[in-house]
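What follows is calculated from the coordinates using simple rules that are stated; it is not laboratory data. Note that the structure is predicted; figures quoted are calculated from it, not measured. We place every Cβ from the backbone using ideal geometry, glycine too, and count neighbours over all the protein chains shown.
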Amino acid sequence: MSAGVRLERLIASRPWTSRRRGRAADRPDPLLWTRRALPLAAAALLLLSLLVPYWQVILFAPQYPGGLRAYVYLTHVGGDAQEISTLNHYIGMPGLEAAAPLERRLAIPLFVLAATALLLSAYARPLRARWLRLLLRLPAGLLPVGVVADLTYWLWWIGHTIDPAAPIRIEPFMPVILGRGRIMQFGTIAWFSAGFFLAVAAAVLALYDFFRERRA
Amino acid sequence: MKLRSWGGLAVAAVVILTLIVLATRGTTTGQSVPRELQELIQARGLTPDQARAALQTYVPPGKYDDYLMFSSGGQSGQVLVFGLPSMRLLRVIGVFTPEPWQGYGFSKESRAVLGEGEAPEDVLTWGDTHHPAISETNGDYDGQFLFINDKANARVAVIDLRDFATKQIVRNPNAASNHGTVVSPNTDYVLEATQYAAPFPFRYAPVASYNDSFRGLATFWKFDRARGRIDRSKSFQIELPPYWQDLADFGKLESDGWVFMNSFNTERATGGTLDKQPPIEIGASARDMDYLHIINWKKAAELVAAGKARTVNGIRVLSLADAVTNGVLYFAPQPKSPHGNDVAPRGDYIVVGGKLDPNVTIYSFKMIQDAIRAKAFAGKDPYGVPILAFDRVVAAQVKVGLGPLHTMFDDKGNGYTSIFLDSAVTKWSLGEPYHRGDAAWKVVDKVSVQYNIGHLSAVTGDTIKPGGKYLVALNKWSVDQFKNIGPLFPQNLQLIDISGEKMRLLSSTPVGLAEPHLAQIIPMDRVKAWTTYPAAGTNPLTMKVDPQAIKAGQARIERRGTTVEVWMTAMRSHFTPDRIRVKKGDTVILHITNIERAKDAIHGFAIDRYNVNLSLEPGKYETVTFRATKVGTFPFYCTEFCSALHLEMVGYLEVTP
């Protein structure tokens with residue numbers, strides 16, 4: 001028995017029902033494989049995405065050869081965040097660590113909940129109703145959108161929470177989320193990072209069989 | 001038919017013409033750069049060799065040198081770090097002298113190093129650095145630590161090459177001066193040889209009692225690599241006759257376990273010119289031979305460990321008598337007031353520069369061992385040390401020029417000896433197994449240097465794996481080499497290409513801050529220096545986060561009786577707190593943490609009129625302690641230009657009456 005087949009059986013098994021119903025596991029269910037495997041993979045990707053940054057910005061200036069990099073994870077900001085925050089204070093902009101305090105605290109529990117919901121939708125036998133399963137998969141499906149919306153808000157907040165007493169005065173502005181921007185002597189390049197793409201993949205996998213069922 | 005062949009001819013002609021045009025264009029583009037350079041070379045009046053030397057040593061902006069050279073800083077009491085081949089000065093390291101840029105000797109931490117725990121009136125504020133020694137693993141530089149001696153005060157310092165800062169200074173309790181600092185092949189010991197004999201145990205004794213009460217010493221400082229410190233309690237000394245022991249080198253590979261050390265003034269001249277005695281320079285040069293000291297240091301260490309030593313002024317000493325009885329110490333004659341004393345890469349030969357003799361004398365380690373076994377002694381010195389017969393231990397002599405001093409080696413089995421009186425470097429070939437037959441023990445080349453060369457240094461040239469490529473001549477006189485800038489002339493360090501058969505002089509570098517003696521050259525990538533201290537709040541003495549270091553937002557001032565303690569952060573572009581109020585007579589303790597993490601975000605910290613200046617590199621924690629004796633309101637400010645608002649990085653210390 002190949003490893004792939006073994007994995008397939010394991011995923012398709014029914015831990016709650018097989019003992020009582022005996023032969024139920026042998027009954028063929030063509031959709032079972034995707035119904036189980038896809039949410040399971042989605043949950044894994046979702047949790048994995050917590051370990052890598054969702055968004056990054058690189059700042060270029062002559063005295064920083066190679067640039068300064070901020071890696072925005074859902075739980076913290078990594079890279080040269082401290083240096084960027086130090087520089088921010090000259091123009092009265094909040095430090096990166098000041099943004100999204102609640103979201104950073106709630107990220108792990110929320111994601112665990114979303115992942116648990118995915119698993120429930122896949123395994124809990126009583127949840128046969130399609131709308132209930134859809135409901136359980138929606139959090140994972142909507143997370144990327146939520147993250148982008150939240151990121152946009154906090155970038156707006158950082159760019160518009162300018163301390164008027166700062167040594168260097170600048171007009172409030174909307175930092176560039178994707179692509180090139182410029183602040184003082186810094187050129188910036190911002191883009192999504194691995195975490196966001198994992199979350200998008202997770203969302204697609206979470207919702208995939210609904211689209212398929214609808215097509216079918 | 002006819003037309004077609006005409007057409008073919010036309011096509012061929014066009015093709016050929018195009019090729020010709022392309023070819024000439026190609027050559028013109030190919031030649032235009034050299035022609036421009038040709039004009040530049042002519043305009044600057046350079047010879048082709050000089051132009052080649054310029055290209056060989058030029059390092060463009062943003063590119064790095066290939067080698068680091070650690071040079072002693074002579075009377076400055078510092079170490080100088082150069083990049084090669086550019087010969088640009090990269091760093092000065094404060095060692096025996098307070099150095100304000102590094103805050104060395106101003107913070108509590110660096111004052112503890114500089115002060116060696118002595119009473120304030122005994123703290124020395126200069127040193128005469130001579131011989132840097134990079135730590136070694138298996139006989140090759142490992143780039144972790146640097147040791148350097150202070151000839152004037154018999155001290156040895158330990159520099160950590162992670163942050164290029166001095167961590168320890170040990171004072172020799174029984175010696176007045178020293179010369180030569182070398183490390184054993186695995187840096188278990190740092191050897192310090194005395195230069196001028198002193199009363200032993202160290203005390204007052206009249207010079208008239210020289211022969212009886214003066215002694216030389218070989219001091220083996222035990223180095224604890226894990227702690228990065230010399231361990232006094234595990235160190236020992238070997239008592240030697242009162243000759244002037246000079247340079248030393250550890251044996252390696254086949255001669256591992258032995259030390260070779262030259263000496264002069266075996267005449268034991270002590271001057272007395274007003275009493276019509278010959279001056280020391282005459283008295284000390286009377287004999288044709290002095291003594292190469294051959295020391296079995298592993299046996300000495302065993303004897304000391306077995307308790308065959310007495311503790312003198314806090315350090316264990318193996319007596320001269322015990323050293324002789326137990327076969328620890330032998331002499332071999334060496335001509336005449338010798339200077340250099342260098343072990344060949346395989347550990348098989350010891351090369352001694354004659355100084356007042358035009359030869360380098362090469363001793364064979366095998367022959368020395370055979371002679372010791374055969375007891376081939378030519379006599380004993382007045383202190384009972386057996387003297388091996390000269391012809392039983394000498395493998396060869398090579399006539400290299402007038403005033404040979406020090407020797408380093410290349411990767412092709414050649415020695416390079418500095419020739420003081422001739423102002424030259426002589427390249428000569430070693431014998432078997434490096435070179436055989438007619439090729440052995442021959443002068444290969446000689447190049448003039450400007451002028452009066454002392455030490456020389458080749459890339460890893462005193463290790464088991466010499467790198468060849470470059471050699472630096474450290475010249476004592478520059479005379480006419482640089483524009484006159486007053487009667488105190490700079491030293492002249494000259495870079496020489498030794499990669500070919502012939503040596504080629506590449507460049508001259510004036511050193512206008514002291515007289516470097518020895519230097520050592522290590523490939524750049526072997527030194528793994530920090531760009532910032534690894535964690536914010538690192539104490540440079542412990543290299544760990546200090547319990548008193550603080551994070552952003554924890555700054556505070558606390559008063560306990562007459563002591564005011566301040567926990568301060570430095571961060572572009574402010575100190576927190578920026579106002580400190582104390583009363584006259586208070587003891588003020590400032591714990592300052594540079595909480596920056598960006599490289600080169602360095603802050604200074606100076607208090608006006610209070611003789612305080614620190615260098616706070618990113619992540620560094622240091623302490624300042626002083627008594628507020630002067631009433632007034634004093635600015636304290638950042639002395640290292642840190643940012644656009646550097647001038648605003650300031651605060652006030654109020655000392656109320």
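Per-structure values
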| quantity | calculated |
| --- | --- |
| Length released on extending from B:D224 to B:R627, taking residue separation times 0.36 nm less the Cα-Cα span | 141.5 nm |
| Shape of the stretch B:538-656, Cα gyration tensor, a/c cut at 1.5 | oblate |
| Residues whose placed amide H lies under 5 Å from that of B:R229, excluding near-sequence neighbours | B:D224 |
| Residue among A:G95, B:W221, B:L388 farthest towards the positive dipole end of the protein assembly as shown, charges placed on Cβ | A:G95 |
| Average beta-carbon neighbours from other chains, 10 Å sphere, peptide B:596-603 | 3 |
| Backbone HN-Hα couplings from phi across the stretch B:410-421 [Karplus 6.51/-1.76/1.60, Hz, Gly and Pro as x] | 10, 8, 10, x, 10, x, 10, 10, 7, 10, 5, 5 |
| Difference of contour (0.36 nm per residue) and Cα-Cα distance, B:R579 to B:A286 | 98.6 nm |
| The stretch B:442-530 shape via C-alpha gyration tensor axes, a/c threshold 1.5 | oblate |
| The stretch B:538-656, relative contact order [Cα under 8 Å, separation at least 6], % | 27 |
| The protein assembly as shown: calculated mean residue ellipticity at 222 nm from DSSP helix runs of at least 4, using -39500 (n - 2.57) | -7500 deg cm²/dmol |
| The stretch A:53-215: relative contact order as a whole-number percent, Cα under 8 Å and 6+ apart | 30 |
| Sequence of B:L114, B:L647, B:L513 once ranked by neighbouring C-beta atoms within 10 Å, starting from the fewest | B:L647, B:L513, B:L114 |
| Estimated inter-spin distance, B:R171 and A:Q185, nm [label 7 Å along Cα→Cβ] | 4.8 |
| Of A:S121, B:T562, A:L106, farthest towards positive along the dipole that unit charges on Lys, Arg, Asp, Glu beta carbons give the protein assembly as shown | A:S121 |
| The stretch A:66-216 - Rg and Dmax from Cα coordinates, angstrom | 19.4, 63 |
| Test item: Cα-centred dipole of chain B, Lys/Arg +1 and Asp/Glu -1 on Cβ, debye | 1060 |
| Gyration tensor (alpha-carbon) shape descriptor, the stretch B:67-526, a/c threshold 1.5 | rounded |
| Ranked list, fewest to most other Cβ atoms within 10 Å of each Cβ, for B:D224, B:D249, A:D150 | B:D224, A:D150, B:D249 |
| Shielding by other protein chains, A:81-94, mean Cβ within 10 Å | 3 |
| J(HN,Hα) series, the stretch B:210-216, from Karplus relation 6.51 cos²θ - 1.76 cosθ + 1.60, nearest Hz, glycine and proline x | 3, 4, 8, 9, 9, 8, x |
| Average other protein chain Cβ within 10 Å of Cβ, residues A:59-65 | 1 |
| When the convex hull of its Cα atoms is projected in every direction, mean area for the protein assembly as shown (nm²) | 64.6 |
| Packing rank of B:626-634, B:253-261, B:212-220, where each peptide gets the mean count of other beta carbons within 10 Å, highest leading | B:212-220, B:253-261, B:626-634 |
| Relative contact order (%) - criterion: Cα under 8 Å, at least six apart; region: chain B | 10 |
